[in-house]
Structures are given as C-alpha cells and as structure tokens.
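Laboratory data are not the source of any read-out in this text; all were calculated from the coordinates shown. From a predicted model like this one, the values you see are computed outputs, not experimental measurements. Methodologically, a virtual Cβ is constructed for each residue, glycine included, from the backbone with ideal geometry; neighbour enumeration extends over all protein chains shown.
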Amino acid sequence: MTKRIEKWLCQMLVAILAIAATSCKPEEPQYAPTPYDLQQPSYFPTRNNIPDDNPMTVEGVALGEKLFHDPRLSGRDGTDGIRCCASCHHREHNFEYGAPIHTHHAMLPLVNLAWNRTGLGWNGGVATLEDMVLAAVTSPVEINADTNQVVKYLQKTDDYPTLFFKAFGSRDITFINIERAVAQYVRSLVSADSKFDRYLRGEAQLTEDELKGYELFCTEEGADCFHCHGGGGLALMTTNLFYNNGLDDEFNDPEDRSSITGSHWDRGAYKAPTLRNIAVSAPYMHDGRFTTLDEVIDFYSEGVKDSEYINPLMHHVMDGGVQLTAVEKAQLKAFLNTLTDENFLNEP
Amino acid sequence: MKKTPVILTVLLAMALVSCDKPNRYGNLSVGIDYSVNGMPLMTDSLCYHNEAGNTFMITEIQWFLSHMELQDTQGKWNPIGTFYIDTDIPESQTLRMAPVPVGHYQTLRFTFGLNEEDNLSGLYSDPPESNMFWPEPLGGGYHYMKLNGRYVNEAGELAPLNVHLGIGQNADHSEYYQNYFTVEGPIDLDVAENKDHLIRLSMTVDNWFRNPNLYDFNVYGSAIMQNQAAQQALKENGQDVFTWTFFEEPNEKDMKKEELAEEFNNAMHKAAPKPHFWNWKSVKERLKGKNPADTSRQSEEK
C-alpha cells in the first residue's frame with residue numbers, strides 16, 4: 001500500500017514539474033507586424049517610393065532606428081567598430097554632419113525622402129533607399145563594412161534575432177532585411193512642421209521681412225529660387241530634379257549627373273536639395289564649398305558663371321546673378337530660416 | 001381590358017428596342033508633335049530662327065492641354081480629358097483616353113493652359129504636374145507652359161530663354177489676368193466601333209513668335225512671368241499655333257497605335273530638312289567680334 005502511495009506521489013511530482021517547466025518557458029513572439037502610419041501633410045505628394053516588398057511597419061521602423069544608431073552595423077567591435085549611420089547623420093543638422101567631412105562629396109539631408117522618386121545622391125545614381133543603405137555600409141569612406149560580417153555579428157547578439165523576427169518573420173538575419181529596416185526608418189523621417197508649414201496651414205503668420213523674402217524666393221524678377229526649390233505649391237522645397245546652377249564654368253567631376261544619364265548636357269548638374277532645415281544643413285553645394293547661407297545667397301546674387309551647360313532657368317546669369325540688395329538678401333535669409341523645423345530637429 | 005396585352009406588348013417591344021442599341025465605342029489617342037521652321041523639333045539644337053530674327057534653341061516644352069472635347073453632328077460636346085505634356089517624358093506625348101462613342105465628329109476644341117476654375121494652387125500634389133506650380137504672389141495655380149531654351153541676344157551672347165505662360169499680373173500685383181485661351185476648329189472624324197483612331201495634334205512653335213505680334217526675345221527678355229505685355233502677345237499669337245490631323249485605323253488590323261504614330265513621325269522626319277547641331281565653342285568663336293546687330297541670323301551660317 002505504502003509503495004503504491006509512493007509511486008503515485010512520484011508520478012504526481014513528475015507531472016507537476018512538467019507543468020511548471022512548460023509554464024516557465026518564454027512565450028514565443030508572434031509575427032504580426034503593425035502597419036506604420038506615415039504622417040504627412042495634405043500638401044505633400046501622394047505618390048511615394050515605398051516598395052511593394054518593403055511595406056513600412058512599426059516593428060520595421062523601430063528596428064531600422066536601432067540599426068541606424070548602432071555601431072555594430074559596422075560588423076566590428078572595439079575601437080574599430082565606432083561607425084554607424086548616426087555617426088555622421090546628426091538629426092540636429094538635418095541628418096547631415098554639420099561640418100565639412102572627408103568623403104567624396106558633401107552630404108544631403110535625410111528628410112522627406114519617402115517622396116523622392118528621382119534617385120538618391122547628388123547625381124541620382126542610387127535607385128532606392130534600400131540600395132543606399134548597402135552603398136553607405138560598404139563604402140570605404142563611410143562605414144566600410146563587410147556585409148557578411150555584419151550579418152554574422154548581429155546574428156550572435158541577444159536582441160537582434162527577435163527584433164528581425166518581429167519585423168520580417170524570421171530570426172535568420174539577412175543583409176536585405178537590414179537594408180529594408182534602415183530604409184523604413186529613413187522613410188519615416190518627415191519634416192513638415194516648420195514655421196512656413198504652419199503658415200501654409202493657416203496656423204502662423206510670417207513677419208513682414210519673411211513675407212518679402214518669400215516673395216523674392218518665388219518671383220522671376222526677385223531671387224527666382226522656386227523653379228528648382230519649390231514653395232507653397234511644391235512644399236517638399238525641391239523638384240528633386242538635376243540642374244547646372246552656374247557654380248562653375250569648367251567641369252571635371254566624373255560623378256556629376258552626366259555620369260548617370262550619359263548626356264553631355266548634364267555636365268555639372270546635381271540634384272536640387274530640399275531647402276527644409278537649410279539653415280542647419282551647412283556646408284552647402286555638392287562639394288560643400290560654402291559654409292554659410294550668406295555665402296550661398298551671395299553666390300546666387302553675384303557669383304553665377306555662364307557655360308554651355310548652365311540650366312536655362314538660371315536666366316539671371318547674363319547679369320552674373322539675381323543682383324539682390326543687402327536688404328533683400330536679409331529678407332531672403334529670413335524666409336529661409338522659416339523652413340527650420342525645430343520639433344523635428346530636436347526630437348529625442 | 002382587351003387593350004392590356006397590347007399595351008404590355010408595346011412596352012416590352014420598346015424595352016427590347018432600347019436594349020438593342022447599347023452604347024458602342026471606338027478607341028481614340030491623341031499624338032503630340034512639334035515643329036519649328038518647318039522641321040520636327042530637335043531639342044538642344046541652336047538651329048532655329050523666329051520672325052524677329054532671333055536665333056534660338058529649345059531644351060524642353062512642358063504644358064497643360066485641358067478640357068479637350070469633340071462635338072458630334074447633333075451638336076453635343078463629348079469630353080476627352082485634361083493632360084500634362086512634356087517633351088522630356090516621351091509617354092506624355094501620346095494622350096490615352098476613355099473610349100469615345102461611335103459616330104461622326106465635326107469639331108475639336110480644347111483650352112491651352114488651365115481656366116480659372118481649374119487653375120487652383122494645390123490641385124496637383126505630385127510631380128511632374130506639381131513642378132508646374134505658379135507662385136501665389138504671381139496669381140497662383142500652375143504654369144500653362146514652360147518653353148525653355150537659349151537665344152543669341154543683341155550682345156551676341158547665348159542668353160537663357162524662359163517662355164513661361166500663366167496668370168499675369170500688374171506691377172503692384174493688385175490685378176491679375178487670365179491668359180489661357182480656347183482653340184476650336186473643324187475635324188472630320190468618324191469613330192467606328194472597336195477601331196483605333198489617332199488625332200495628330202501639332203504645335204508649330206515658331207507661330208508663338210509671330211502673327212499678330214512680332215515677338216522679339218531681345219525686347220521681351222529671358223523671363224516673362226511678370227510681364228503681362230509679353231503674356232498678352234503670346235496669348236494672341238497662340239491662336240494659330242495648333243493644328244491637327246485625323247488618322248484612321250491602318251489596314252493591318254493588328255498594327256498598334258504606337259506603330260502608327262511612329263510611322264507618321266518617320267514620314268515627317270524623312271521629309272524635313274536636317275538641322276545642324278549647335279557647337280558652343282564654334283558659336284562663341286563665330287560671334288566674337290561681330291556686330292551684334294548681325295549676329296542673330298549670321299551666327300548660324302556654316
């Protein structure tokens with residue numbers, strides 16, 4: 001009888017332990033990504049560049065943000081592994097470096113790129129944001145990483161396999177999914193709350209000088225910026241097209257727009273960058289030759305050079321520029337400062 | 001009581017008759033082409049002359065054609081559509097439209113640009129149309145047309161040329177002027193059921209610069225968005241800029257519309273004299289030291 005009770009107690013103990021062990025097992029996360037709501041004002045374009053095979057999700061954007069700021073994206077550790085996207089792309093500088101940098105070109109802002117459908121980079125040679133991630137990670141003058149090494153490194157970490165599962169449904173990390181995650185994060189960087197935005201929405205009024213500056217900005221007989229850099233009717237503040245703006249009259253850059261199109265008419269042509277947050281985006285132009293907005297305004301006012309390749313929209317070239325007075329320059333600068341989106345730049 | 005079956009029969013017959021004639025449609029495309037000095041447009045070639053004696057080149061033409069309509073023999077106007085057309089976007093040169101009811105059409109009309117009901121800021125949020133926006137201080141809405149290029153000015157220099165049409169304004173921007181206009185003219189178009197039809201719409205670019213107003217680039221300058229006199233002159237000159245031809249379906253039934261358009265273009269190009277291409281350095285050399293008054297035509301002599 002006693003033996004039967006002992007046997008019964010043993011069986012019960014085993015059963016209880018089994019139940020306890022099962023209940024303590026960590027819960028397997030579910031792959032149920034939440035669609036990301038890309039916030040944009042009504043006056044932004046409706047057509048974006050989100051690819052069908054990389055829809056934005058809350059989990060994908062969060063993973064991309066983590067990767068963007070994580071030096072482990074270099075695939076290296078120790079003192080050699082200090083580079084990630086955020087090493088050079090500083091939010092407070094419109095996701096540029098904020099100072100001259102030793103790469104082959106000046107930087108372009110990483111804002112509102114979800115609506116850029118004309119290629120990335122100064123010459124538009126990179127087709128997608130996903131491709132841009134690969135280019136930046138492997139470039140010898142940027143992160144300079146080996147993609148296989150990056151994947152192996154991240155796979156060994158405690159946190160990333162689960163985050164990749166949540167974002168893409170697989171714990172097996174691939175570089176394609178790294179590209180997709182970072183691209184999703186960059187697409188989520190929307191700057192649309194500057195003083196000029198609030199003016200467009202009827203929530204703020206520009207000062208007299210700012211309004212005069214806006215009028216100069218968008219009139220042919222003023223500073224004539226709008227044909228390339230937009231305005232109220234083109235609120236990305238760029239056409240995202242490519243122009244030779246009269247910076248030079250000799251052209252030797254093998255990476256200008258003509259290197260992509262093969263057309264000699266595109267010699268010395270580069271993308272017109274967005275002017276959103278332009279006040280904090282120095283240095284300026286494709287080669288970063290100007291360090292202040294004043295220098296840029298002076299160039300367009302008196303320093304434009306004629307050549308066979310200059311875009312016809314630079315119609316003031318016969319006068320050397322738009323010939324602004326000192327007061328007009330100050331007014332134009334006042335307007336450009338209304339394009340600064342403090343909430344975006346200071347977001348934690 | 002006996003009449004009831006008769007009435008029902010009549011009603012049934014009427015219903016059947018009305019169902020017997022469903023709306024029938026044919027397919028219609030409008031192909032756009034451009035000519036200058038009797039030649040097909042060659043962009044980026046400094047080989048053209050206008051009536052005022054200016055030598056010029058064109059880099060691109062971007063414009064809105066709106067409210068295109070066809071009038072049938074009963075006088076009814078059938079809407080075709082509104083289009084953005086861009087020499088840099090080849091696919092925009094063939095306008096695709098919804099099937100057109102079968103019948104004979106006698107008149108074609110359209111608006112060059114956008115009328116005041118359509119020309120509202122914010123109407124287009126996506127490029128390329130949004131790139132045509134016309135700033136609010138100048139009246140808002142959109143450019144009707146951007147014709148960009150360069151011309152040889154009085155000093156013998158190659159100056160930029162921006163013939164941009166849109167809403168005009170007076171000096172202090174207290175008054176605005178609508179500069180769009182309607183083009184209307186006969187067409188002898190039979191639309192047959194399930195057949196393809198092509199209207200070839202041509203812009204004779206040099207007509208912008210003559211009749212009734214001699215348009216001299218040296219007088220009006222490189223840019224005219226804030227020059228209502230120039231806008232008005234071009235508006236008046238624009239009346240005879242557009243012509244059109246109707247092409248019926250080719251004999252080979254499976255010939256695609258694109259091939260038809262290509263055949264037409266090839267025929268036109270074959271007949272046209274060949275322009276010579278602009279060489280910047282040689283033009284500058286030739287212009288150097290010349291009397292500016294002589295340069296406009298002579299600069300192009302070989």
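Every residue in segment A:246-286 that is in contact (Cβ under 8 Å) with a residue 60 or more places away in the chain, in a loop (DSSP other than H, G, I, E, B) and surrounded by fewer than 16 Cβ atoms within 10 Å (Cβ to Cβ), please.
A:255
Do you know which residues across segment A:156-202 are within 14 Å of residue A:59 (Cα to Cα), hydroxyl-bearing (Ser, Thr, Tyr) and in contact with a Leu (Cβ under 6 Å, 6 or more places away or on another chain)?
Matches in segment A:156-202: A:160 only.
If a residue must be crowded, with 16+ Cβ neighbours inside 10 Å, away from chain B (no Cβ under 13 Å) and not in a loop (DSSP other than H, G, I, E, B), how many such residues does segment A:297-329 contain?
So the answer is 6.
Please find, among A:151, A:111, the residue that is surrounded by 14 or more Cβ atoms within 10 Å (Cβ to Cβ), within 19 Å of residue A:69 (Cβ to Cβ), among the hydrophobic types (A, V, I, L, M, F, W, C) and under 14 Å from the mean Cα position of the chain (by Cα).
Working: A:151 fails: under 14 Å from the mean Cα position of the chain (by Cα).
Only one candidate passes the filter, namely A:111.
On the given criteria, is residue B:98 within 14 Å of chain A (Cβ to nearest Cβ) and either in a helix (DSSP H, G or I) or not aromatic (Phe, Trp, Tyr) (or both)? Full working, then the answer.
Values: within 14 Å of chain A (Cβ to nearest Cβ): no; either in a helix (DSSP H, G or I) or not aromatic (Phe, Trp, Tyr) (or both): yes.
Considered against the rule, which asks whether it is within 14 Å of chain A (Cβ to nearest Cβ) and either in a helix (DSSP H, G or I) or not aromatic (Phe, Trp, Tyr) (or both), residue B:98 comes out as no.
Under 9 Å between Cβ atoms, which residue pairs at least 6 apart in sequence (or on different chains) link something in segment A:312-327 that is free of Cβ contacts under 8 Å to residues at least 24 places away in the same chain with a partner that is among the charged types (D, E, K, R) and in a loop (DSSP other than H, G, I, E, B)?
Listed by first residue and then by second, the contacts come to A:318/A:306; A:318/B:157; A:320/A:305; A:320/A:306.
For segment A:50-79, which positions are more than 16 Å from residue A:33 (Cα to Cα), under 19 Å from the mean Cα position of the chain (by Cα), in a loop (DSSP other than H, G, I, E, B) and touching a residue at least 24 places away in the same chain (Cβ under 8 Å)?
Of everything in segment A:50-79, those that are more than 16 Å from residue A:33 (Cα to Cα), under 19 Å from the mean Cα position of the chain (by Cα), in a loop (DSSP other than H, G, I, E, B) and touching a residue at least 24 places away in the same chain (Cβ under 8 Å) turn out to be A:50, A:51.
State all residues of segment B:160-183 that are of a type in the set (Gly, Ala, Ser) and assigned to a strand (DSSP E or B); if no residue qualifies, say none.
Hit for segment B:160-183 is B:168, nothing else.
Can you pull out the residues in segment A:244-293 that are touching a helix residue (DSSP H, G or I) at 6+ places or on another chain (Cβ under 7 Å) and of a type in the set (Ser, Thr, Tyr)?
A:258, A:281, A:284
Let's see how each residue does on (1) more than 9 Å from every other protein chain (Cβ to nearest Cβ); (2) out of contact with any Asp or Glu (no Cβ under 8 Å at 6 or more places or on another chain); (3) surrounded by 23 or more Cβ atoms within 10 Å (Cβ to Cβ):
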| residue | (1), (2), (3) |
| --- | --- |
| A:201 | yes, yes, no |
| A:206 | yes, yes, no |
| A:223 | yes, no, yes |
| A:230 | no, yes, yes |
| A:243 | yes, yes, no |
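For segment A:271-284, does any single residue satisfy the condition of being more than 24 Å from the chain's Cα centre (by Cα) and either closer than 24 Å to residue A:116 by Cα or within 11 Å of chain B (Cβ to nearest Cβ) (or both)?
Of the residues in segment A:271-284, the ones more than 24 Å from the chain's Cα centre (by Cα) are none.
Checked segment A:271-284: no residue is more than 24 Å from the chain's Cα centre (by Cα) and either closer than 24 Å to residue A:116 by Cα or within 11 Å of chain B (Cβ to nearest Cβ) (or both).
Looking at segment B:101-119 only, could you name the residues that are aliphatic (A, V, I, L, M) and buried (at least 19 other Cβ atoms within 10 Å of the Cβ)? Even if it seems obvious, please write down each step before you answer.
Within segment B:101-119, the subset aliphatic (A, V, I, L, M) is B:102, B:108, B:114.
Selection gives B:108, B:114.
Report whether or not residue A:216 is in contact with a Gly (Cβ under 9 Å, 6 or more places away or on another chain) and assigned to a helix (DSSP H, G or I).
Values: in contact with a Gly (Cβ under 9 Å, 6 or more places away or on another chain): yes; assigned to a helix (DSSP H, G or I): yes.
In short, yes.
For segment B:158-196: of the residues being touching a Ser or Thr at 6+ places or on another chain (Cβ under 8 Å) and under 20 Å from residue B:66 (Cα atoms), which is farthest from the other protein chains (Cβ to nearest Cβ)? Before the answer, list the steps.
Narrowing segment B:158-196 to residues touching a Ser or Thr at 6+ places or on another chain (Cβ under 8 Å): B:159-162, B:180-187, B:196.
Pick out the ones that are also under 20 Å from residue B:66 (Cα atoms) and you get B:180-187.
Working: B:180: 17, B:181: 22, B:182: 25, B:183: 26, B:184: 30, B:185: 32, B:186: 37, B:187: 35 Å.
Step by step, filter segment B:158-196, then rank; the result is B:186.
Out of all the residues in segment A:209-221, which are facing chain B (nearest Cβ under 8 Å), among the acidic types (Asp, Glu) and out of contact with any strand residue (DSSP E or B) (no Cβ under 7 Å at 6 or more places or on another chain)?
If the condition is that a residue be facing chain B (nearest Cβ under 8 Å), among the acidic types (Asp, Glu) and out of contact with any strand residue (DSSP E or B) (no Cβ under 7 Å at 6 or more places or on another chain), then A:215, A:221 are the ones that fit.
Mind listing just one residue for me: the one in segment B:120-155 that is at the interface with another protein chain (Cβ under 7 Å from one of its Cβ atoms), more than 20 Å from the chain's Cα centre (by Cα) and closer than 21 Å to residue A:211 by Cα and, of those, surrounded by the most Cβ atoms within 10 Å (Cβ to Cβ)?
B:135
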